[in-house]
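> Below you will find the structure I want to go over with you.
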Protein chains: 2
Amino acid sequence: MGKEVAAVKIAAATVKNFIAHVYLGYGFSETDSALIAETLTDADLRGITSHGIQRLAMYDRKIRAKAIIPYNKWTVVRHTKSSLLVDANHTMGQLVSAFTMDHVVSKAQRHGISVGVVRHSNHFGAAGYYARMAAKAGLIGIVATNTNPLLVPPRANQPFLGSNPLAFAFPTQNAPFVFDAATSTVSLGKIEVLLKNNQSIPGEWAVNGDRQTQTDPQTVLDELARSRRIGGILPLGGQREANANYKGFGNSLIVECLTGILAQGSISADLGHKNHDISHFFLALDPELFGDPQEIEASLSDMLDRIRHLAHSGANPIRVPGDREIQNIDCNLKNGVVIDQTTIDQANEIANRLGISDRLSGTPIKE
Amino acid sequence: MGKEVAAVKIAAATVKNFIAHVYLGYGFSETDSALIAETLTDADLRGITSHGIQRLAMYDRKIRAKAIIPYNKWTVVRHTKSSLLVDANHTMGQLVSAFTMDHVVSKAQRHGISVGVVRHSNHFGAAGYYARMAAKAGLIGIVATNTNPLLVPPRANQPFLGSNPLAFAFPTQNAPFVFDAATSTVSLGKIEVLLKNNQSIPGEWAVNGDRQTQTDPQTVLDELARSRRIGGILPLGGQREANANYKGFGNSLIVECLTGILAQGSISADLGHKNHDISHFFLALDPELFGDPQEIEASLSDMLDRIRHLAHSGANPIRVPGDREIQNIDCNLKNGVVIDQTTIDQANEIANRLGISDRLSGTPIKE
């Protein structure tokens, strides 16, 4: 493990404002810029560092390469009372995703269940953001996306599927229950965060082209580059079939079926360098189809509380998915969002290049 | 690893016929008995030994304990154009599940997407069976169920969630793509199969009450007994948080939300000994909402073929979920279904007790 690099704390409102100005600078509308800033700051507030402001640099590369085209508008290709297919027309993933989930939610509120798929899109940030849109409306939300290839199937020694995250949200009496995770052991963003912090990989996450476990983040990223594509990230379950790694592989395949295949976009294997054609999946389901929503929410809240209080060893409490995020929000709203210096430098370089006056700076928290 | 115990091969048609007679003997109708026999034989044909005829003994215990009541009929409690909630009234899980998925499929064919949930049910066999019902109709099928508690959440040292399998089926140009797996590392059925074969546990599957890895199947089963409930089966990802075991936990929680919580039945934690109140979830989605079904099926078939032909190390081919099952069907239809002697003895004891003349016997294949 290396030493963590310098980082600063900045008020979330300042970060959000900075990001919005950056996107205005690219030519996005005021509304669109505010939405992008909201989704990225929301991830940082929740401690999902991999999907927060550190993504500015990647989006910047894509906008400059015309993979993301700020002026483009998406089109609804097909729709029924309970479905829509959207062609994103290479706009920012966040914009077309919020649009689609909004419609999926409205349709589910009228007809009980609804589904939307999107093709020709880009990275949409954290999947949980859109699943929570459904939960805020009292609905169950399910969201998935394919991504650039990185997952090596069991026995293979080259990547084929994406990190292919799946997010699930269910309303409760308090904040919605949200589970949002890559179907690979980790997303590429987590490897990038380790690299920035000079840390090595702590678990059975990645292999080289001979399926030997890889612990250096830089090597993993280099070998996944399009020109090489040897080894990659392991499915959940790791190296061994005896540890059921074929299940992580299966979960990633399910997401690929619901996104690239169903939306008739590209599959993960064909994404990358010159092909930016990510597909998303959005579903909303109204619990009221089956019973009293308040009673259903109460029984979920009760179950989650029982899990938190199970007998356990060690001092650390048992957490359910989302607990750490909620804690992070409280802490980060009060103390500011933690951003590493590399991300700060990249963000300020972008602002400089776009000719906007904002610069990010904060209180140092580490040497 | 112990030595495998004696087993025999028997023609699938003979096995199916035997099972049907057993269920007629319990008092199920001819149609219902045939359906139960069909689902169990189908699992054995696919090599899903844990969910085939070896389940006769468990169902027999439940029928005798009046947890499964052959004469009961289920009722549809609520329904809309695209949904139904069914009270199984403690009948066999297979019967109410086939009924519900039939309706979900019809509704999805008319309205594009549909969902059904069931409460007060029993073990329904292999989830993939019902997901394939959707795929056979040209639809995507998603099926889940909760089960008796066995999964220990990360950091906990007692079981709370079930094996909570999730099955997904998508039509292709050939046999549908099916992924059907417990969201825990393994189902209890797999531990039982190891025990019958005198084998120890080969992977990071189970822990005792101190979260030490457990490799003896009998100890795992003893410790999971309702009177003890210490330790249990690990979530996919195993022992360590660094290997993302919280993701397997999250997947199992998703299934619990869609079954016990949404159907307003019992949650896994409260199932067992005196409480038989399993809940199921069924969803069907028509790909035609989004495009030409033939083209969508062709692109999935093409993707699966590309995965099978990825560069790999070692002599074993790369398989996608379902490949092994299809191979097993071909082999077992020709050579007969493999059944261990313990299961044969249990089945014949049941037949004897029910006063039916059938007895199972086959060609020995192991000493």
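> Could you grab me the full set of residues in region B:133-146 that are surrounded by fewer than 24 Cβ atoms within 10 Å (Cβ to Cβ) and either touching a Ser or Thr at 6+ places or on another chain (Cβ under 9 Å) or in a helix (DSSP H, G or I) (or both)?
B:MET133, B:ALA135, B:LYS136, B:ALA137
> Check B:ILE267, B:ILE230, B:ILE191 and return the single one that is among the hydrophobic types (A, V, I, L, M, F, W, C), over 30 Å from A:GLU297 (Cβ atoms) and facing chain A (nearest Cβ under 9 Å). Even if it seems obvious, please write down each step before you answer.
Numbers: B:ILE267 fails: over 30 Å from A:GLU297 (Cβ atoms); B:ILE191 fails: facing chain A (nearest Cβ under 9 Å).
B:ILE230 is the lone residue from the list that is among the hydrophobic types (A, V, I, L, M, F, W, C), over 30 Å from A:GLU297 (Cβ atoms) and facing chain A (nearest Cβ under 9 Å).
> I would also like to ask the following. Give me the pairs, please: first residue somewhere in region A:40-58 and at negative phi, second residue anywhere and among the basic types (Lys, Arg), beta-carbon distance under 7 Å, and either six or more positions apart or on two chains.
These pairs meet every condition: A:LEU40/A:ARG55; A:THR41/A:LYS16; A:SER50/A:LYS190.
> Restricting the search to region A:109-125, which residues are more than 30 Å from A:LEU271 (Cα to Cα) and surrounded by fewer than 24 Cβ atoms within 10 Å (Cβ to Cβ)?
Here is the first cut: in region A:109-125, the ones more than 30 Å from A:LEU271 (Cα to Cα) are A:109-113.
Hits for region A:109-125 are A:GLN109, A:ARG110, A:HIS111.
> Only one of (1) modelled with pLDDT of 95 or more; (2) touching a Leu at 6+ places or on another chain (Cβ under 9 Å) fails for B:ASP42. Which number is that?
Checking B:ASP42 against (1) modelled with pLDDT of 95 or more; (2) touching a Leu at 6+ places or on another chain (Cβ under 9 Å), the one that fails is (2).
> Here's something else I'd like to know. Within region A:315-359, take every residue that is under 21 Å from the mean Cα position of the chain (by Cα) and within 14 Å of another protein chain (Cβ to nearest Cβ) and give me the one that is nearest to A:ASP44 (Cα to Cα).
It comes out as A:GLU325.
This table checks each residue for (1) among the aliphatic types (A, V, I, L, M); (2) part of a helix (DSSP H, G or I).
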site: B:THR259; (1), (2): no, yes
site: B:GLY265; (1), (2): no, no
site: B:ALA269; (1), (2): yes, yes
site: B:PHE282; (1), (2): no, no
site: B:GLY291; (1), (2): no, no
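> Please verify whether region B:121-131 includes one or more residues that are among the polar types (S, T, N, Q), part of a loop (DSSP other than H, G, I, E, B) and away from chain A (no Cβ under 11 Å). Spell out how you get there, then give the answer.
Restricting attention to region B:121-131, the residues satisfying the condition of being among the polar types (S, T, N, Q) are B:121-122.
Going one step further and asking which of them are part of a loop (DSSP other than H, G, I, E, B), we end up with B:122.
Restricting the remaining residues to those that are away from chain A (no Cβ under 11 Å) gives B:122.
Yes, region B:121-131 contains a residue that is among the polar types (S, T, N, Q), part of a loop (DSSP other than H, G, I, E, B) and away from chain A (no Cβ under 11 Å).
> Could you go through region A:286-307 and let me know if any residue there is under 17 Å from the mean Cα position of the chain (by Cα), crowded, with 24+ Cβ neighbours inside 10 Å, within 9 Å of chain B (Cβ to nearest Cβ) and touching a residue at least 24 places away in the same chain (Cβ under 8 Å). Outline the logic, then answer.
We begin by selecting, within region A:286-307, every residue under 17 Å from the mean Cα position of the chain (by Cα); these are none.
Checking region A:286-307: not a single residue is under 17 Å from the mean Cα position of the chain (by Cα), crowded, with 24+ Cβ neighbours inside 10 Å, within 9 Å of chain B (Cβ to nearest Cβ) and touching a residue at least 24 places away in the same chain (Cβ under 8 Å).
> Hey, another quick one. Looking only at region B:205-227, which residues are in a loop (DSSP other than H, G, I, E, B), more than 30 Å from B:VAL8 (Cα to Cα) and within 14 Å of chain A (Cβ to nearest Cβ)?
Across region B:205-227, the qualifying residues are B:ASN208, B:GLY209, B:ASP210, B:ARG211, B:GLN212.
> If you don't mind, there's one more thing I want to ask. Find all pairs meeting these conditions: Cβ atoms under 6 angstrom apart; at least six residues apart or on different chains; first residue within region B:162-186 and more than 10 Å from chain A (Cβ to nearest Cβ); second residue in a strand (DSSP E or B) and of a type in the set (Ser, Thr, Tyr).
B:SER163/B:SER184
> What's the number of the condition A:LEU95 fails, among (1) modelled with pLDDT of 95 or more; (2) within 11 Å of chain B (Cβ to nearest Cβ)?
Condition (2) is where A:LEU95 drops out.
> Let me ask something else about it. Which members of region A:1-53 meet the condition of being surrounded by fewer than 23 Cβ atoms within 10 Å (Cβ to Cβ), part of a helix (DSSP H, G or I) and under 13 Å from the mean Cα position of the chain (by Cα)?
Once the filter is applied, which keeps residues that are surrounded by fewer than 23 Cβ atoms within 10 Å (Cβ to Cβ), part of a helix (DSSP H, G or I) and under 13 Å from the mean Cα position of the chain (by Cα), region A:1-53 yields A:ASP42, A:SER50.
> Listed residues B:LEU166, B:LEU188, B:LEU195, B:LEU151; which is in contact with a Ser or Thr (Cβ under 7 Å, 6 or more places away or on another chain) and either modelled with pLDDT under 95 or acidic (Asp, Glu) (or both)? Outline the logic, then answer.
On the way: B:LEU166 fails: either modelled with pLDDT under 95 or acidic (Asp, Glu) (or both); B:LEU195 fails: in contact with a Ser or Thr (Cβ under 7 Å, 6 or more places away or on another chain); B:LEU151 fails: either modelled with pLDDT under 95 or acidic (Asp, Glu) (or both).
Selected residue: B:LEU188, the only one of B:LEU166, B:LEU188, B:LEU195, B:LEU151 that is in contact with a Ser or Thr (Cβ under 7 Å, 6 or more places away or on another chain) and either modelled with pLDDT under 95 or acidic (Asp, Glu) (or both).
> So, in region B:311-338, of the ones that are in contact with a helix residue (DSSP H, G or I) (Cβ under 9 Å, 6 or more places away or on another chain) and of a type in the set (S, T, N, Q), which residue ends up surrounded by the fewest Cβ atoms within 10 Å (Cβ to Cβ)?
Among residues in region B:311-338 that are in contact with a helix residue (DSSP H, G or I) (Cβ under 9 Å, 6 or more places away or on another chain) and of a type in the set (S, T, N, Q), the one surrounded by the fewest Cβ atoms within 10 Å (Cβ to Cβ) is B:ASN328.
> Within region B:339-359, can you find the residues that are surrounded by 14 or more Cβ atoms within 10 Å (Cβ to Cβ), touching a residue at least 40 places away in the same chain (Cβ under 8 Å) and not aliphatic (A, V, I, L, M)? Write out each step before concluding.
If we filter region B:339-359 for residues that are surrounded by 14 or more Cβ atoms within 10 Å (Cβ to Cβ), which is where we start, we get B:339-344, B:346-348, B:350-351, B:354, B:356, B:358.
The next check asks that each one be touching a residue at least 40 places away in the same chain (Cβ under 8 Å); those that pass are B:339-344, B:346-347, B:350-351, B:354, B:356, B:358.
Across region B:339-359, the qualifying residues are B:ASP340, B:GLN341, B:THR342, B:THR343, B:GLN346, B:ASP358.
> Check region B:233-241 and report whether any residue there is on the phi > 0 side of the Ramachandran plot, touching a Lys or Arg at 6+ places or on another chain (Cβ under 8 Å) and part of a loop (DSSP other than H, G, I, E, B).
Filtering region B:233-241 for residues on the phi > 0 side of the Ramachandran plot gives B:237-238.
Adding the requirement that they be touching a Lys or Arg at 6+ places or on another chain (Cβ under 8 Å) leaves B:237.
After this cut, where a residue has to be part of a loop (DSSP other than H, G, I, E, B) as well, the list is B:237.
Yes, there is a match, as at least one residue in region B:233-241 is on the phi > 0 side of the Ramachandran plot, touching a Lys or Arg at 6+ places or on another chain (Cβ under 8 Å) and part of a loop (DSSP other than H, G, I, E, B).
> Another one. Among the residues of region B:105-120, which ones are outside any strand (DSSP E or B), in contact (Cβ under 8 Å) with a residue 60 or more places away in the chain and more than 11 Å from chain A (Cβ to nearest Cβ)?
Step one: list which residues in region B:105-120 are outside any strand (DSSP E or B), which gives B:105-112.
Of the ones still in play, those that are also in contact (Cβ under 8 Å) with a residue 60 or more places away in the chain are B:105, B:107-109, B:112.
Across region B:105-120, the qualifying residues are B:VAL105, B:GLN109.
> So, in region A:233-250, exactly how many residues are more than 7 Å from chain B (Cβ to nearest Cβ) and either without any contact (Cβ under 8 Å) to a residue 60 or more places away in the chain or crowded, with 24+ Cβ neighbours inside 10 Å (or both)?
Residues flagged as more than 7 Å from chain B (Cβ to nearest Cβ) and either without any contact (Cβ under 8 Å) to a residue 60 or more places away in the chain or crowded, with 24+ Cβ neighbours inside 10 Å (or both) within region A:233-250 amount to 6.
> Has region A:72-84 got any residue that is in contact (Cβ under 8 Å) with a residue 60 or more places away in the chain and of a type in the set (A, V, I, L, M)?
Initially, region A:72-84 is screened for residues in contact (Cβ under 8 Å) with a residue 60 or more places away in the chain, giving none.
Within region A:72-84 (the criterion being in contact (Cβ under 8 Å) with a residue 60 or more places away in the chain and of a type in the set (A, V, I, L, M)), the answer is no, since none of the residues qualifies.
The values are calculated or read from the model by the stated rules, or taken from the named source; none is laboratory data. The model shown is predicted, which means the values in this text are computed figures rather than measured ones. Every residue, glycine as well, gets a Cβ built from its backbone with ideal geometry; the counts of neighbours run over all protein chains shown.
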